[in-house]
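Participant: Take a look at the following structure, please.
The numbers here are math on the coordinates, done by the rules we state, and not lab data. Since the structure is predicted, the reported quantities are computational estimates derived from the model, not experimental observations. In this analysis, Cβ positions are derived from the backbone assuming ideal geometry, glycine residues included, and neighbour counts consider all displayed protein chains.
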Amino acid sequence: MKIFTPQEQLLGKKIYRDKSLKKLEEKFKPKKVTYFSGEFISTKESCDVILLDEKTLLDFVVEDMEKLEGLLGKEKEELVKKALRVLDKGKPLFTELDEKERDELKDYNLITLKPVVFLEGDQDLDTLWERIFETAGVIFFYTVNKNEARSYPTKEGTDIVSCAGKVHSDLARGFIRAEVFNIKDIDSFHNLEEARQRRFLKVVGKDYIVVHGDVINIKFSV
């Protein structure tokens, strides 16, 4: 994930110190723990999320208005006019247009179509990460074994096979089923066998939609 920021002190790769991953480390004691890291950048065109203040927003609004005004009378005119009305009020397109409308405008390189997070004074990095993930509709799932515990970001509504593919392409290609428990239940059992017996660990198929905090173990055959 790449996040645009106007603040120089934030630039660079930053680790998200995920408390859920820490719990997995304490419970299963893997040899290695791999936290998610994202990159804060100063190039707005290639970012996934925009972190900004009101002045920066105004600059981007003006830029988007100029792009949209060049489309008037050409295509999608009603939607273009609606987007211009939003921008004229000084608001970002991401918060005011629905997903279908944003999708129709995605080819025009409009900066405020991207998820917008406003800077709010001095925040610690983890709190800032939480706001970024919530705004962008990003959740986390996890894998854990004796060698490694690891976190993976994905969009809300992602199915288990797609998540398996984020771990390794072979897991998606040869997916059979998965065992899943949620991190919120981790203090309710001592080990996976007890989790299985007490039904905190469940078996799911290809149609299962992963939710935030799921810890997944993929059964596959290639």
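Participant: At TYR108 and VAL167, where each label point lies 7 Å from the Cα along Cα→Cβ, what is the point-to-point distance in nanometres?
Facilitator: Rounded to a tenth, the inter-label distance reads 4.2 nm.
Participant: Follow-up question, since we're still on this one. Taking LYS22 as the anchor, which lysines have their alpha carbon closer than 16 Å to its alpha carbon, excluding any fewer than eight residues away along the same chain?
Facilitator: Partners within reach: LYS31, LYS32, LYS146, LYS184.
Participant: If I fit a long axis through the Cα atoms of helix 77-88 and take the longest principal axis of the Cα atoms of the chain, what angle between them do I get, 0 to 90°, rounded to 10?
Facilitator: The two axes meet at around 90 degrees.
Participant: Show that you can apply the helix-only estimate: for the chain, add -39,500 (n - 2.57) for every DSSP H stretch of four or more residues, divide by all residues, and state [θ] at 222 nm to the nearest 500.
Facilitator: -10000 deg cm²/dmol
Participant: How do 142-154, 189-201 rank on mean C-beta neighbours within 10 Å, highest first?
Facilitator: 142-154, 189-201
Participant: May I ask which residue of ILE111, MET1, ILE186 lies farthest towards the positive end of the charge dipole of the chain, with charges of +1 (Lys, Arg) and -1 (Asp, Glu) on Cβ and the Cα centre as origin?
Facilitator: ILE186
Participant: How would the stretch 23-148 be classified by its alpha-carbon gyration tensor: rounded, prolate or oblate, with rounded meaning a/c under 1.5 and the a/b versus b/c comparison settling the rest?
Facilitator: Prolate.
Participant: Per residue Cα convex hull volume for the stretch 139-220, in cubic angstrom?
Facilitator: With only Cα atoms used, the stretch 139-220 gives 88 Å³ per residue.
Participant: Suppose we keep just the DSSP beta bridges with both residues in the chain; what percent of those would be antiparallel, to 5?
Facilitator: Expressed as a percentage, antiparallel bridges in the chain total about 65.
Participant: Which one, ALA149, PHE60, GLY73, is farthest towards the positive end of the dipole of the chain when Lys and Arg carry +1 and Asp and Glu -1 on their Cβ?
Facilitator: About the Cα centre, the residue reaching furthest to the positive side is ALA149.
Participant: What size of dipole, in debye to the nearest 20, comes out for the chain about its Cα centre when the only charges are +1 on Lys and Arg C-beta atoms and -1 on Asp and Glu C-beta atoms?
Facilitator: Dipole of the chain, to the nearest 20 debye: 1280 debye.
Participant: Can you give the relative contact order of the chain as a percent, counting alpha carbon pairs under 8 Å and 6+ residues apart?
Facilitator: Dividing the mean separation by the residue count of the chain yields 21 percent.
Participant: What FRET efficiency, computed as 1/(1 + (r/R0)^6) with R0 = 35 Å and r the Cβ-Cβ distance, is obtained for ILE176 and GLU26, rounded to the nearest 0.05?
Facilitator: Between ILE176 and GLU26 the formula returns 0.70.
Participant: I'd like the orientation of helix 19-28 relative to the chain: the angle between its Cα long axis and the longest Cα principal axis, in ° from 0 to 90, rounded to 10.
Facilitator: Compared with the principal axis, the helix lies near 10 degrees.
Participant: In degrees, nearest 10, range 0 to 90: what is the angle between the Cα axis of helix 125-136 and the longest Cα principal axis of the chain?
Facilitator: Rounded to the nearest ten degrees, it is 70.
Participant: What's the extension gain from GLU101 to GLU156 if we count 0.36 nm per residue and subtract their Cα-Cα distance?
Facilitator: In short, 17.9 nm is gained.
Participant: Starting from one equal scatterer on each C-alpha and no solvent at all, send me the Debye-based log10 I(q)/I(0) for the chain at q = 0.08, 0.14, 0.15, 0.18 Å⁻¹, two decimals.
Facilitator: -0.38, -0.93, -1.01, -1.21
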